[in-house]
Amino acid sequence: MKPIAKLSRFSLALLICLWAGSALAADDGLSRQENMEARRTLTQATILLKSGKPAEAHALLKEKFPKGPPDGDLAVGYYRIIASTPGGWDEARAGLEVLVKSDRKNVQYALALDALLGSKKATRDEAFSNLAALYNVRKVDKQRVLQVWREALNAQEPGTDLIPYYEDYLRIDPHNQEITGRWQAEKEVLLERNRIANDPLLRRRQVGLDLLDKGDIAAAEQPLQDTLKALPNDYLALGGMGVIRMRQGRYEEAITYYQKALTLNPENSGKWKSLISTSQYWMQIHQAEEARDKKNFPLALEKIRAAIALEPQGAEAIAVLGTIEDDRGNSREAEKQFREALNIEADNGIAIRGLVQLLIDSGKQKEALALINAQAPQNSPEGKRYDYLRVKILSAQADDFIAKGQRDEAIAYLLQSLKLEPLNPWLRFKLAGEYEDGGLQDKGLSLMKEGLRLAPNDSEMINANVLYLLSIDQSEEALLLLKASLAKPALANASLRLTYADVLNRLERDDELKPVLEQLRKAPLTGEEKGKYARIDLDYEIRQALKAGDTNTAIALLNKAVELEPDDVWLRLDLARLYAKINHPKDGIALFDQFVKKHPNNVEGLYAYSLYLSGLDQNQAALKVLEQIPLADRTPKISRFQRSVWLDLQLAQVNILNAQGKQDEAAARLTSLEAEVSNDPDLSASVGTSWASIGKREQGDALFAKIQEQNKILSINWHLRYANYLFNNDEGDAFKKQMQYLASQKLNPGQIQDFADLKQASELQDINVMIRSGDIKEANQLLQPLMTSSPNNYKMMYLDSQIQRREGYLDKAIDIEQRALALSPVPLSNYRSLSTLKPTNSSAQSLTMNSNANTTTNLKEGVSVFHIEPPVLEPSAVASGSAYQYKQMADMLDLRTNWIDGAVDYLSLNGTPGQSQYRASEIPLEWRMPLRSDERMTFRADQVNINAGTIAAGNTTFGTLAACGASCPTSFSNQSASGTALNVGYEKQNFKADIGTTPLGFLTQNWIGGIKQKGDFGPLGVSLELSRRPMTSTMLSYAGARDPVTGNIWGGMVATGGTLSMSLDQGETLGGWAFYRARSLTGTNVQSNSDNQFMAGLNWRIINETDRQLTSGLTGMLWGFKQNSGEFTYGQGGYYSPQSYRSATLPLSWSQRFARLSYVLSGSVSTNWSRTDAAPYFPTNQAYQNAANANNGGVPQYYSASSGPGSAYSLLAAWEYQLTPSVFVGNRLKLERSPYYAPNSFVLYVRIALDETAPHPVPLQTQPVIPTSHF
């Protein structure tokens, strides 16, 4: 039969028949005569309607009830008939709504209205909503409500859009197998449709087939024709066209299509031949039914006899002939045809239903019952031989009723079965389960206890009772029953004691299980019992090993368990997962490869293998394994898992796109995936999490909100995923709410573990916040109890390492971190990086198993800093980088590493020769030497060479040339300087100090140095620095100069003062900082000066990834000097010193890192306003100033004041490359441009780790070696 395309009048007529009993009930508001007359009219109208005469039915009602429907309940029958007449639906709705408003408590009115609303797609939502609300009314007949609900669902056009409606029903009646079956079928259709959706051509074909399934053959034809143009040999499209032609009445063409499909798909020849034959057979049947429904009985008889002639033994056609004869009123002939059909096909549904209905209608109920028991009368001696079959039949019939949601009927059949076999414990268990599902838990419990009274010493009856008690969460009662039974000498056997141990094992009641296992160890057991005992004992031992953190012992025990039960794939899965936990996933893969090689078609084995591979994030491999399972053998559970693995693979591709900077493509892919899995809340939750992972938090929040809005009931797994999402996105209050909900739910073991992991992660996060905020003592107090219960938890060990480091115990911190990393289940860094942390042969022995001796080599915990090996897993989507724990470890190891650093730093600045012109090369050489604990010394020597050019003849703005008059020299030597600066430094955690000299060899030398202390106050970072540093703006300010007239030396400026810095920056998208600096500036024979500087900025990390960063922000500065000392006459300092300077800078920087190379490209634009006061030529010598004034005709010689706006920009390019595990080279080029200041700088540097391996890989932000003068 073809699918229902729409709700027909005939469908409504059938509903009327179902409702007729209640609708035509007597009404107290009418007289007896009126009541009988009204009922007679309604019956006549119903007959007319069933006869295909809706117009006549409508006319009859309007004639008999000119003032409207009869009063009371008879009005329901009136409106139900009206609804099936042309144009009568709206009238029926309005009338029923009036009835409902008139008597809100009348369930019949409400159900009639809901049934009517459910008959139209436009109003079905209202109907189902009303039914759900009505079901929750306290005293309503719930089974009646559910029956109407099911009838309305069954009357809908099949399609995946019914999935949410089925789910709404199943939330109330979850064990209804009929609706469950429909729901699962539509879900599977949707999954297959999604697979096809990935292929455009198959998608086009599927569109046609879907339209065909919906009965829209006009729309279905073109997609299928298009498919056949591209794929002329696509047998599915050919078959679809055959169906179309058959439904179009073009049967010969239909047969041609089927025959071509048969030629192309001979392996399904039976199918196609059957279709060819059936197309003719069913054509005649359908035409006969159509004629019958139109009351054209001669044509109906002609067509059905033609069908019978095509297939004389076709029970369906013979049964339909019976329905035609029944509609003709020829009940005798109808009965004959029904019985003949049953002789051919004893379970023919049409014949059984028709014959039973005939017998009931004729008052032959006993004969109807006899029809079922005809082969073996229940009470006959022969019938006793078939009691077990009758029990099966009755039980199967009960299953049918369960599937239809008719629990009472199912229970009735189960009770009949129980009468036949009252001592069958599992029949009782099944019936008790139905009572439990119907809310009659106590009745189910009484039924099971009755079985115990009838068979108190039957171990199977006890086992069934135990299982029932466990199913209703009465685990204590189950254990008490077992204890009481074991106390009886007749039952104190090993078999029942094993059941007791099994229950304790399931409940993981290890304290109680231990003595039971000791008793069983001494008891004589059969071979089967020994196997069961060994499994329970191993489970117990494995749990003990895992609780103690002894993974190696757990692995050895699981190997033993696998030896005992080599075909138990779930044991293999447990073992493989432990291998992965100790970073030996290949051993787990080998474990399954061995099994699959021996059992290539084992569905459970392939499923378990795919679960393991998926856990390793090898989703592509997992899908390949799943594809080995034949489609027919894939259970809904396996299909759902396959779907989830496919989604995980798609989401991994999204992460790759995002990591490659293709955010738009990643977002588009997620949008598509969101639509594709919209019918599955659990999978949708994974998509929501991925939205947040690519920085689209708003979309993630919106999707989770949408899921909650559209699904009143969500799975525990969904709530766990949502809690994890909230936790990872710092939604503390919402996270706690979800955790409180989960704590109140019944969780399975896996969910219990996931919940515990989330709870632990939250606790560890709180501890980590305390550590970062400096509250070490309280963090340690919270951490230590957790570590006592889980001493080998690597996450806790990471936090403990941080605490030890903060308290100054660096070596202890390193030791803890090394052990934590050895226990970590994840790869520690990118395998292409030369600087990695991985277990090596020297520090971590491979775990090997000797199956014969059952021995395991111990895993030595440790970490080697440098080890290159191929990845054991698929490469990460991120090109390089490392885990946070690896960085922590590398930071600490770096403090224990000897480094030699060197650089060539060159600066070029055009200006006035001999004065502001500046060519400087500085060559620093540095040795960083670790001391005890977390201390380090630094020794530096910088070779500095400066050349300012030669003073031009006639220059009067250098030295005392403005004061010498006629005695001034006319030629000058080159202004240059060279020397070597020395410096020694000390570091300990957040404290740093250094002392040294400006270059020895300069005309002026100064002691320089500084001390700096950093600290964290919650998220606020604060540092205070006191320092004395050289002013390196020009040769005069840095090295000093000799006056070409007097030979006196002046210059060599140093700035002495303090800096207070603050930052509110956790490395996230936004951060801020500010500092204030105040200094006193002094030098040789120069005027003293001072300055104050305040700067603040906002950091905006537009892209903020492990290996890519795009940053911008805004920086503001306020700066001012007391005196203008920026010139080059004697007493001036030669450094830029405005009295007021204000600027705003907009920077932009891009940095990227690969496994061994990183680079930075950056630039900035700024605007500023400055004011510089006038300054005398000789601020420290009035005699020189007077002479200069005289030489200028008595006009005072002053540098003029200036003020006004300005602008500038800068460009920077830098790279760093790791040549070997211990050698890094890099380069930086920087250009700055403004109207009066345009320096160019170039740096080439090398960093060498003397301990052979650098702990850190190449940094994301390049790290040039800077001269001491830049401190």
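The values are calculated or read from the model by the stated rules, or taken from the named source; none is laboratory data. These numbers were taken from a predicted model, which means no experiment stands behind them. Cβ sites come from the backbone with ideal geometry, for glycine too, and all protein chains shown count toward neighbours.
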Please give the number of the condition residue 241 fails out of (1) farther than 26 Å from residue 285 by Cβ; (2) in contact with an Asp or Glu (Cβ under 8 Å, 6 or more places away or on another chain); (3) modelled with pLDDT of 85 or more. (1)
Taking into account only those residues within the stretch 771-811 that are modelled with pLDDT under 80, part of a helix (DSSP H, G or I) and more than 32 Å from the chain's Cα centre (by Cα), which is farthest from residue 551 (Cα to Cα)? 806
Given the options 88, 29, 77, 72, name the one that is buried (at least 16 other Cβ atoms within 10 Å of the Cβ) and at pLDDT below 80. 72
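Of the residues in the stretch 254-276, how many are among the hydroxyl-bearing types (Ser, Thr, Tyr) and modelled with pLDDT under 80? First the steps, then the outcome.
Step one: list which residues in the stretch 254-276 are among the hydroxyl-bearing types (Ser, Thr, Tyr), which gives 256-258, 263, 269, 274.
Filter once more, keeping what is modelled with pLDDT under 80: 274.
Going through the stretch 254-276 one residue at a time, the tally reaches 1.
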Scanning the stretch 549-575 residue by residue, those within 31 Å of the chain's Cα centre (by Cα), part of a loop (DSSP other than H, G, I, E, B) and not acidic (Asp, Glu) turn out to be 549
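Go over the candidates 760, 745 one by one and state the one that is among the polar types (S, T, N, Q), part of a helix (DSSP H, G or I) and touching a helix residue (DSSP H, G or I) at 6+ places or on another chain (Cβ under 8 Å). Break it down stepwise before answering.
On the way: 745 fails: part of a helix (DSSP H, G or I).
The match here is 760.
Do we find that residue 1160 is in the same structural domain as residue 960 (by TED's automatic domain parsing), aliphatic (A, V, I, L, M), under 28 Å from residue 1230 (Cβ atoms) and crowded, with 18+ Cβ neighbours inside 10 Å in this structure?
On the way: in the same structural domain as residue 960 (by TED's automatic domain parsing): yes; aliphatic (A, V, I, L, M): yes; under 28 Å from residue 1230 (Cβ atoms): yes; crowded, with 18+ Cβ neighbours inside 10 Å: yes.
When the stated conditions are applied, residue 1160 passes them.
Which residues, counting only those in the stretch 1170-1200, are closer than 20 Å to residue 1136 by Cα and either of a type in the set (Lys, Arg) or assigned to a loop (DSSP other than H, G, I, E, B) (or both)? Reasoning before the result, please.
Narrowing the stretch 1170-1200 to residues closer than 20 Å to residue 1136 by Cα: 1170-1180, 1197-1200.
1171, 1173, 1174, 1177, 1178, 1179, 1180, 1197, 1200, listed by residue number.
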Of those in the stretch 1133-1166 that are among the hydroxyl-bearing types (Ser, Thr, Tyr) and out of contact with any Leu (no Cβ under 9 Å at 6 or more places or on another chain), the residue farthest from residue 1038 (Cα to Cα) is 1159
Flag if residue 98 is surrounded by fewer than 17 Cβ atoms within 10 Å (Cβ to Cβ), free of Cβ contacts under 8 Å to residues at least 60 places away in the same chain and assigned to a helix (DSSP H, G or I): yes
Out of the residues in the stretch 449-475 meeting the condition of being more than 15 Å from residue 432 (Cα to Cα) and at pLDDT 80 or above, tell me which one is surrounded by the fewest Cβ atoms within 10 Å (Cβ to Cβ). 453
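Could you pull out every one of the helices (runs of 4 or more DSSP H) wholly within the stretch 678-734 that has 3 or more residues that are crowded, with 16+ Cβ neighbours inside 10 Å, among the small types (Gly, Ala, Ser) and touching a helix residue (DSSP H, G or I) at 6+ places or on another chain (Cβ under 9 Å)? Steps first, answer last, please.
Values: elements: 681-693, 697-710, 716-728.
Counting at least 3 such residues, we get 681-693.
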The stretch 1238-1252, residues that are loosely packed, with under 14 Cβ neighbours inside 10 Å and on the phi < 0 side of the Ramachandran plot: 1250
Between a residue in the stretch 757-784 that is in the same structural domain as residue 802 (by TED's automatic domain parsing) and any residue that is loosely packed, with under 15 Cβ neighbours inside 10 Å and not in a loop (DSSP other than H, G, I, E, B), which pairs come within a Cβ distance under 6 Å, given they are 6 or more apart or on different chains? 770/778
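Would you check which residues across the stretch 1220-1237 are part of a strand (DSSP E or B) and crowded, with 16+ Cβ neighbours inside 10 Å and list them? Quick ask: steps written out before the conclusion?
Let us first name the residues in the stretch 1220-1237 that are part of a strand (DSSP E or B), namely 1220, 1223-1234, 1237.
Residues satisfying the conditions are 1224, 1226, 1227, 1228, 1230, 1232.
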The number of residues in the stretch 511-529 that are modelled with pLDDT of 80 or more, out of contact with any Leu (no Cβ under 6 Å at 6 or more places or on another chain) and surrounded by fewer than 17 Cβ atoms within 10 Å (Cβ to Cβ) is 9
Filtering helices (runs of 4 or more DSSP H) wholly in the stretch 424-526 for at least 1 residues that are touching a His at 6+ places or on another chain (Cβ under 8 Å) and touching a residue at least 12 places away in the same chain (Cβ under 8 Å) gives 425-437
Of all residues in the stretch 759-770 being within 27 Å of residue 546 (Cβ to Cβ) and crowded, with 18+ Cβ neighbours inside 10 Å, which is nearest to the chain's Cα centre (by Cα)? 764
Would you call residue 212 among the aliphatic types (A, V, I, L, M) and over 25 Å from residue 124 (Cβ atoms)? no
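Yes/no per residue for (1) free of Cβ contacts under 8 Å to residues at least 12 places away in the same chain; (2) among the polar types (S, T, N, Q); (3) out of contact with any Gly (no Cβ under 7 Å at 6 or more places or on another chain):
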position: 625; (1), (2), (3): no, no, yes
position: 632; (1), (2), (3): yes, no, yes
position: 643; (1), (2), (3): no, no, yes
position: 656; (1), (2), (3): no, no, yes
position: 677; (1), (2), (3): no, no, yes
position: 680; (1), (2), (3): no, no, yes
position: 684; (1), (2), (3): no, yes, yes
So which pairs qualify, if the first residue must be in the stretch 988-1008 and crowded, with 17+ Cβ neighbours inside 10 Å, the second must be of a type in the set (Val, Ile, Thr) and outside any strand (DSSP E or B), the Cβ gap must be under 7 Å, and the two must be at least 6 apart or on different chains? 996/1268; 1005/998; 1006/998; 1008/998
Mind telling me which of the residues 562, 569, 603 ends up being in contact with a Gly (Cβ under 6 Å, 6 or more places away or on another chain) and either under 28 Å from residue 632 (Cα atoms) or at pLDDT 80 or above (or both)? 569
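One line per residue, one yes/no per condition, for (1) surrounded by fewer than 18 Cβ atoms within 10 Å (Cβ to Cβ); (2) among the aromatic types (Phe, Trp, Tyr); (3) closer than 18 Å to residue 355 by Cα; (4) in contact with a strand residue (DSSP E or B) (Cβ under 7 Å, 6 or more places away or on another chain):
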{"site": "253", "(1), (2), (3), (4)": "yes, no, no, no"}
{"site": "256", "(1), (2), (3), (4)": "yes, no, no, no"}
{"site": "266", "(1), (2), (3), (4)": "yes, no, no, no"}
{"site": "286", "(1), (2), (3), (4)": "yes, no, no, no"}
{"site": "291", "(1), (2), (3), (4)": "no, no, no, no"}
{"site": "313", "(1), (2), (3), (4)": "yes, no, no, no"}
{"site": "317", "(1), (2), (3), (4)": "no, no, yes, no"}
{"site": "321", "(1), (2), (3), (4)": "no, no, yes, no"}
{"site": "330", "(1), (2), (3), (4)": "yes, no, yes, no"}
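Assess whether residue 339 counts as being out of contact with any Ser or Thr (no Cβ under 9 Å at 6 or more places or on another chain) and in contact (Cβ under 8 Å) with a residue 60 or more places away in the chain.
Values: out of contact with any Ser or Thr (no Cβ under 9 Å at 6 or more places or on another chain): yes; in contact (Cβ under 8 Å) with a residue 60 or more places away in the chain: no.
Spelling it out, it is not the case that residue 339 is out of contact with any Ser or Thr (no Cβ under 9 Å at 6 or more places or on another chain) and in contact (Cβ under 8 Å) with a residue 60 or more places away in the chain.
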Of the residues in the stretch 212-252, those that are closer than 11 Å to residue 279 by Cα and assigned to a helix (DSSP H, G or I) number 7
